[in-house]
Structures are given as C-alpha cells and as structure tokens.
Amino acid sequence: MSPPSAPLTPGLASFLKSLKTNPIDTSIDNLISLLKRRQIRHSRSCATATAYLLRSVVSACRTSDASKLIERVQSVGKRLIAAQPREMVVGNIVRRVLGLIRDEAEDDRDGEFNLSEAGSESQPQTPRASDDPSDSLYGRHDGSALKPLSSLAAHPISMFSLLSHPEPEHSLPGTPGSASPSGRSPGHTQNNDIRAEVLDGINEIIDELGQVDDQISAYALDHIHSNEIILTHTSSTTVQKFLLKAAAKRKFTVIHAESYPNNHEATHATVSGTATNDDELLSTESFQKPLIAHGITVILIPDSAVFALMSRVNKVILGTHSVLANGGLVAAAGTRVIARAAKVHQTPVVVVSGVYKLSPVYPFDFDSLIEYGDSSKVIGFEDGDLVEQIDVQNPLYDYVPAELVDLYITNLGGHAPSYLYRIVSDHYRKEDISF
Amino acid sequence: MTNTSDPALNPVSSAPATPKSPSQAPQKKMEQSQSQPQPKGQKPPKPTKPAKQQPPKDKNASTPADAAGGDKLSPAELKKQAKAEKAARRARERADREQAGGSAPAGGQGPNTPAGKRGSDAAGGAPVGSSKGQKTATRRGSAQAAPQGGAAAELKKKQEDKNVAVFGHLYGQQRRNTVAGAGKEVHPAVLALGLQLRDYVICGSSARCVATLLAFKRVIEAYTTPIGTSLARHLTTHLSHQITYLSTCRPLSISQGNAIRALKLFISSIDPSVPEAQAKTSLCEFIDTFISEKITVADQVIAGSAAQKIKDGDVIVTFAGSSIVKQTLLTAFRQGKKFRVSIIDSRPLFEGKNLARTLASAGLEVQYSLINGISHAIKDATKVFLGAHAMTSNGRLYSRVGTALVAMSAKERAGGVEVPVIVCCETVKFTDRVALDSIVVNEIADADELVITQEPHQLTDLPDPAATSQPAPKKGGKPAASNPSVSETTTPKNNGSPLKDWRDTPNLQLLNIMYDVTPAEYVDMVVTEMGSLPPSAVPIVHRMSTNT
C-alpha cells in the first residue's frame, strides 16, 4: 500500500507524503495497515498521522450535513481504532475532531436567527477547502487557512438552509472521486464553511501536536532546581525537552534507566547524543543537543539498579504512552516498578504528557491495555533452542495506577492525578466518548 | 589492591562542578595544575580545609603547594604546609606501594576486609595504612614492576572522569586483566581462578566460595613450610598473597570472606608441634568438611525444606540465576509437584538464562521475562523465591541488583494480596555487616559490560577473513570497545551501540553496580540449613555459627 514515489521506510514521514497524492480511501487503508503493522509507533506519530488523515477526510467529504460529516469521521475513526485499539491517542484525536464538528454544528444552530441568504458571492472561496487534499497541506502555515473563517463570519450558516437544501450531487462519504474539485453547486457554500471551520480546528490540533513539548517544557523551571538528581526512563522526547529547558538555566544530574530491551537503543542514542536514524522522530529533534552538551551529568544505569539508586534521587520524571481518565497511565514497561520504588522512597513522581494523550477511558481490565512485543528482543535467535522450551514474554507497556503518580504536567499546566477527569470532560464531548 | 589516592580524587573530577574538562587530552594538563582549581572544585560540605585535602589528591601536588604556601609564613600556614608535605609523602609512598604490583600489605586481617572499605580507610589518611605501605614498599619494590604500575596509573587518570560521584568510594583499582604482575607466590590454580572469577565464569556466591576453597586446598597441598618458620605462622601469610590476588580480580564475596576467616582461624589453631604432612592433611580435611557442611549439604537441606513450601499449582517467581533456588525448584519438581516458574532476568549478566535452560530441560514449565516485565510476571505469582549474596545483620538481603525490585513488587501488588517472599541462603553468607542502602556497600562492575556489542552478522556464505578471525577472541560480556583493533576492522557502519565511545563523551557516565539491598520488611522468611527464620534472626544465627 505504500506509495511508489516514496522510497522511505513505511512510517509517519512516508504516510504524510503519500497523503498528498493518494486518494483518501487509499490513505485510510494505508494508515490502518501502518497501525496494524506497528510501523507507526510513538503516540505522537500516531496522533499526527490521525490528525492529518482526518483533515483530508473532512476536506474530501463533500457532504452538506454536519451529522453526515460526523458519521463519516466516526466510521473512519472506528476503523482506525479497530486497527490498533491500544493506541489510544488515535481515538483521542478522532474524538476531538468529532467534538469540533459538533461544536460547529451547534454554533450554526445558535446562529439560526441571524439567518442570511447563502450568498453566492462567497462561492469563489468554496473550491479552496475541498480543492485538493494536498493543497491544505501546503498552505497550512500561510494565512490561507483563515480565509474561510472570514467568509463564515460574513455569512453564518443556518440550520434552516442546511435542511432545506438536500444534497443534489452524490458525493457520498467514502467515494474516492469526491475529491475532485469539479461539480460544485452554489448551494454548498455553507457546508464548505462548516468544513472550513472544522479544518481550521484540525489544523489547530496539528499545531498543538507540534508545540506540545515546548509548551510542557515551559514548566520545567518550576519543577527542577539546582543540584537535583532526576531519574528518568526511556527516550521520551517530551522528557528530554523538559530536562533540556531546565538545563539551560540550572545544573543537575540525570540518572537514566535504559529501558532494555524495547527502547534501549534509542535511550543510548539520546543519552550519548549520537544522531538517531529513527525516521519517525521529526527532524528538529534529531538536531537537538543532548543533555550532556549542556554540562548535565547523565548517568546511564540498567533498569535493575533503579531501586538501589532511588534513595539518592530527588525526583522521578516519566514520559508516558497514554494517560487514562482515572489518573493512571499506560507507559513503557518497567515504569511501574520505577514509580513503585519512588513511592517506597517517598520520591515525587512527575509525569509529563501532552493533553492529546489523555484518554477518556476508565480502565477495568488492565490486561487489555497492555501490548506484548517481540520476544526475540528478550532472547535472541541465537538461543533458539531455549526459546522452544520456555515461554518468553516481552510486555511493552505497564499500567501505573494513579496513586503512584504525584503530578501530571501537561501543556495546560500541572495537575493532580485526581483532577484529570475534569480535563477529559473539557476536551471530549460526552457523546463521543464511546462513538 | 586498592589505589588509595583514587577515592579522594573522585568527588572532584566527577562532581558536576567541573564540566569544563571535556576531553581526555586536557585532563592530563589539569592534573598538573590541579592545586589551583582544586579548592573551587571541592565538594561543598567541607570547603574550610582545602589545604589538608589537597595533597593526597595529586602526587605532584607537593611542589605547587610549596610554592603557594611559600610567601605567607603565618604559623597556621606553616602547620598546614607541613601537614601537606607529610600527606604528599604518604601519597608518594602509596604510589610506590601500588607500583609494587599485586602484592598486598602483609598481615592477618588486611586482605579480608573488602576492597572498598580499605580504600576509604586509607583515603582518610590513616597512619596505619601508610606504615604498612612503607613496609611492603621496601620489601617488594622491584624495578621491573615499576613501569607497569605507572602505565596502570596513566590509564586510571584517563578514566577518573567516569566514576559516578555517589559511588566514588567503591571504585577501587581497575580490575586485573591478566595474570601479569601477580606475585610469584600466587599458585597457578589461584591464578586461573582469579581470571575465571573476573570473567564471571565462576559466578554466584556459593560457587565462588567453593572454588576458592578448592584452589586453596591445592595451594596447601603444594605448600612446604620454609625453614625457620612454623606452618601456622607462615601459611597464613602465604594464603594472604593468594587472597590479595583474588581480590584484585574481583572483590571477594561475603561467603569467600567467611570461609577464609574460618580457614585462617583453623590454621592458627594448629599446634606448631604437629608435623607438616599431618597438618596439611588436617587442613585439607577441614576444607572438605567446610565445603560439604556449609555449602553442599547445607544446600540439600535448604532445597529440601524450601521445596516443602511449594504446593501444587503454585507460580514461583525468581530473579536471576541462583543455584540454591534452582536446586529447590528441581527438588520440588522431582517430588512430583506441579508448578510453574517465572524467571525474571536482567542485563548485563543474564544469569536467568542458564536457570531457564536447566529448568526447561528438566521438564518444568518456565516463563522468562526481563526486568521490565516484573509487574506482569508478579501478577499471577503465588510465591517469590530469591537467592542471596549475603544477609546483613540488620536482616536485609544483599543480592544481585534488581532483587529489591522483585521483592518490592511482590509486597505491593495491585490486588492488595501480598506474595510471600522466601530467601534461600546458607548461613555462610551471613555477615555481621549492616547496610541501610545499596550505596555504602556494593560492588562496581566494569561499565563497559553495559555497552551492547553486536556480534558481526554474517548473512552471506563468503566469510570475510578479517571478520571470521574476530568473533573468537571476543568473549561473552567483553565489549568491542575495549579492543580498538576489533572495532576498527569491523565495518564502521555496523558500529553497534551509540555508547561505544562513552568514555570519550564528556558528562556521560555508565554505572554498573552488582548488588542491591532489599529492605527486611520485604522478606518473609529466610530458609537456611539451620531452619526457616525471619530476617531479624540473622544476627543471632550468625553469632551462633561463628562462635562455635
């Protein structure tokens, strides 16, 4: 399913590239297969891919009806989630997009009274949004995305006109040909406007995904003071940026558990500052100076030494895979014992995470959240005789209960674990939680 | 043997306050002019007495210190200067002693004290250490050994930077890599044993103890008392050389220390009138009885009683590869019990692999995961069996690093049901030392063991002549980084780990500790050959077993 033009290994970069050229259904299938094959792994990569895909879906879906748009996004979202149910950020992004659409639809309903004619003078702008899915990719950063907004302000869409203009053309959701810019009719201005609003919102989500680490790291100086000893785990870029921000001002020591066997290579690369050839990480991160270049002493330890060193650690800073509404989190395997050891030693545990990782899921069956990985990383093929005899397990994630976490730092600020449900209800609409 | 000036240097060079020594080349220059930046780089707790601390840190420091102190002639300054000179002299003596190679300070109890402790004592400037050093220096200051010692010091200077400050007191001399420089008194069996210990060929507290005793048996068999001394007096010194050599290969385990102590006690109790042949036979008999009583039979007793704790349907979690736990599980399996074993293992030694292999080939149902899977492995556990390196007098379990994590997970399981943690431990591993955390007492292994070396993958049939010759010398945990010629000849693109050059990367440190201390409250029961006890009974049992 990978595009012929892209010689890249399948991943986020190749997907985003193919999104511009491929028809929308191909792209959906492409992302589904990437998720299924775990060729997109990191939660942020998943979130970014989902957001871009949904933007294409929304811009390609030329329906007149908000509910139809919701339906379309829901159906795509369901397929994505079914492809990788444990990658909760995918669902989160879908929910946020659904929430956007509902918000817009409600705004329109509210604006019913300032009903005006669906002006034909706004028609020149209509092809823009649905012109070509790739167009919006290029024009994301210039002001062109704001144009539909102004047109909307001039001509609020009414529920009445939505209902009174049944869709004359058969651009059903899921028709690949619907991406073509031809065949417009003047009656569709208002739909395009609702879509433009939604597209704007999605662009904001995408921007948020790009900035989230910087926003989180802005709180770093509030939490790291001089001469502290900080323990962290895995090569999370969020944590690295957080520490780097503090390193610019303060001197402290970082103890880095290597998270063998699933993430140790990346951790070693992060720690030693050698260039990663991980194409999933965006280019800006690979050019970043490592902590050691800022004069921060970094001590790399095997995971087993965590308990031994915890008595000297002042703070544990952890990255996460996803955060659950009850304040618990799903993070790389090994996180739980680290958090537990920290609790035993009365060391505060700080979890840094973007809000997009916050999932409206209350876990009842913890096992269902855990993904198991490649057992050959635990025992290699050279020990094949041994593998035949024994049961080798390689869990990728741990569920860390909320009571082991002292503080969450998101791009909105610091929160107690017990407060997270509030943020969940701020970000997701009730009707979307199980769509 | 410990380098005494070493621990004192560590806080300075590895403190975060000196980040401006980025590469190794300027490092040497800094050594020369260290007297100036030193007070600045001093550890914050004691900035008041820099002059006192200064000289032991640098062997060359005496001259700059003189120059600095020369212009001011206040009595306090003079006193300080005199003190500094004295300390510098001591440091020089120590350096001499170090150059004398692997030979130890002679004396009864010296070699028994673990290396780390001795190092910190000497760093405190204990006069005992210096006088001892003097004695040995005169005795063994051979000219041939001197350049080699100098090279070793050179090497150490380069690595100084890489010692983790908190563990500064544990970095002794670098582990011996060859038998070169070992004293001529050291028996070949001991020479071989030393290398086996260093390479973890013989690993595990009991195995090391047994191997040491067997090697000493051969030493005693080959021993003849020189004319003019008695066996009881001279054999002890003779053994001390062997012991010192062993401790330079790898710090002695508690069990080794206990066994050696018992052996020396027995030697000193031998009546000088007893003929040598008879004394030697009785010594060999003593060693055999010690091994069988304290270890072989003790293991069987422990395995028997610990196996009784296993019930049908149990899920036993164990960590790394303890020989006594293995024996316990096999005993229980032979008794026809149906249970499952879940082994948790860790880098870099992967001792659990061997345990898994043995148990699986015996027919047990084995599940294997690494330390990141603890919380999953512990979920359906019903009992945790742990081996021990030692049990301290305050009831804490001193065992392979990671044990504490397993015990903690067992005690704080999510469901709220605590899993019993059972430690299998011979009483020979009990010690009167106490430990609160894993930092004061520990052993630092070579950090290069953490660097992952990928064996050169040969996918095609045509062997590269250079590549095929290489895998042979590369052994188990030995990294390619230690052997620059190997890493250069292999394809540069397959350079393996990003940590390859960690020693040349400023501010990056690797820490590879061997043990951790599990709090006593995580241990429910200690199964020994004297019965099953709570951890609080350890000091009593220890006193009983040493007094008899």
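No lab work stands behind these numbers, since they all come straight from the coordinates. The shown structure was predicted, so the numbers you read here are calculated from the model rather than taken from an experiment. For neighbour counting, all protein chains shown are included, and Cβ atoms are generated from backbone atoms with ideal geometry for every residue, glycine included.
Annotations
- Given R0 = 56 Å, the distance between the Cβ atoms of A:Asp207 and B:Tyr200 translates into a calculated FRET efficiency of 0.60.
- Distance in nm between pseudo-label sites at B:Thr382 and A:Asp385 (7 Å out along the Cβ direction from Cα): 3.2 nm
- With a Förster radius of 56 Å applied to the C-beta separation of A:Glu403 and B:Gln278, the computed FRET efficiency comes to 0.25.
- The order of B:Arg433, B:Arg261, A:Arg195, B:Arg347, going from fewest to most other C-beta atoms within 10 Å of their C-beta, is B:Arg261, B:Arg433, B:Arg347, A:Arg195.
- Mean projected area of the Cα convex hull of segment B:291-373, taken over all directions, amounts to 5.5 nm².
- Taking 0.36 nm per residue of sequence separation and removing the Cα-Cα distance, the A:Glu431/A:Ser368 pair yields an extension gain of 20.4 nm.
- Applying the Karplus relation 6.51 cos²θ - 1.76 cosθ + 1.60 with θ = phi - 60° to segment B:380-391 yields 3J(HN,Hα) values of 10, 6, 10, 8, 10, 10, 10, x, 9, 8, 7, 10 Hz, where x marks Gly and Pro.
- Computed about its Cα centre, the charge dipole of segment B:175-307 is approximately 500 debye, with only Lys, Arg, Asp and Glu carrying charge at their Cβ.
- Residue-span extension gain [B:Ala222 to B:Glu285] - 0.36 nm each, minus C-alpha spacing: 21.2 nm
- Database remark: amide H of B:Gln367 closer than 5 angstrom to the amide H of A:Asp391, B:Val341, B:Ser342, B:Ile343 (H placed geometrically; neighbours at sequence offset of 5 or more, or on other chains; Pro and chain starts carry no H).
- Label zone at A:Asn314 (point 7 Å along Cα-to-Cβ), backbone N below 16 Å, segment A:210-249: A:220-232, A:243-249
- Likely footprinting exposure, B:Phe339, B:Phe319, fewest C-beta neighbours within 10 Å first: B:Phe339, B:Phe319
- Annotation: the residues A:Glu104, A:Glu382, A:Glu258, sorted from fewest to most other C-beta atoms within 10 Å of their own C-beta, follow the order A:Glu382, A:Glu104, A:Glu258.
- Placing pseudo-labels 7 Å out from each Cα toward the beta carbon at A:Arg109 and A:Ala248 gives an inter-label distance of 4.6 nm.
- Selection from A:Leu396, A:Tyr219, A:Leu231, by position along the positive dipole direction of segment A:218-432 (Cβ): A:Tyr219
- Measuring against 18 Å, Cα to Cα, the residue pairs A:Lys20/A:Lys68; A:Lys357/B:Lys379; A:Lys241/A:Lys315; B:Lys337/B:Lys383; A:Lys251/A:Lys315 contain A:Lys20/A:Lys68; A:Lys357/B:Lys379 as the ones spanning a longer distance.
- Tail fraction, Cα-Cα pairs, segment A:218-432, threshold 21 Å, whole percent: 56 percent
- Nonlocal amide H pairs with A:Lys251, under 5 Å, H built at 1.01 Å: A:Asn227
- The amide H of A:Ala333, built 1.01 Å from its N in the peptide plane, has A:Tyr397, A:Asp398 as neighbours under 5 Å, considering only residues 5 or more places off or on other chains.
- Each label point was placed 7 Å from the Cα along the Cα-to-Cβ direction; for B:Lys86 and B:Thr358 their separation is 5.5 nm.
- Extension reserve of the B:Leu436-B:Asp504 stretch, reckoned as 0.36 nm per residue once the Cα distance is removed: 21.1 nm
- Each of A:Ser304, A:Thr274, A:Ile292 was placed along the dipole of segment A:273-432 (beta-carbon charges, centred on the mean Cα), and the one lying farthest toward the positive end is A:Ile292.
- Our coupling estimate for segment B:185-202, obtained by passing each phi through the Karplus curve with A = 6.51, B = -1.76, C = 1.60 and θ = phi - 60°, is 6, 6, 6, x, 4, 6, 4, 5, 4, x, 5, 5, 5, 5, 8, 6, 5, 9 Hz, Gly and Pro reported as x.
- Phi angles across segment A:195-201 convert, under the Karplus curve 6.51 cos²θ - 1.76 cosθ + 1.60 with θ = phi - 60°, into 3J(HN,Hα) values of 5, 4, 4, 5, 4, 4, x Hz, Gly and Pro given as x.
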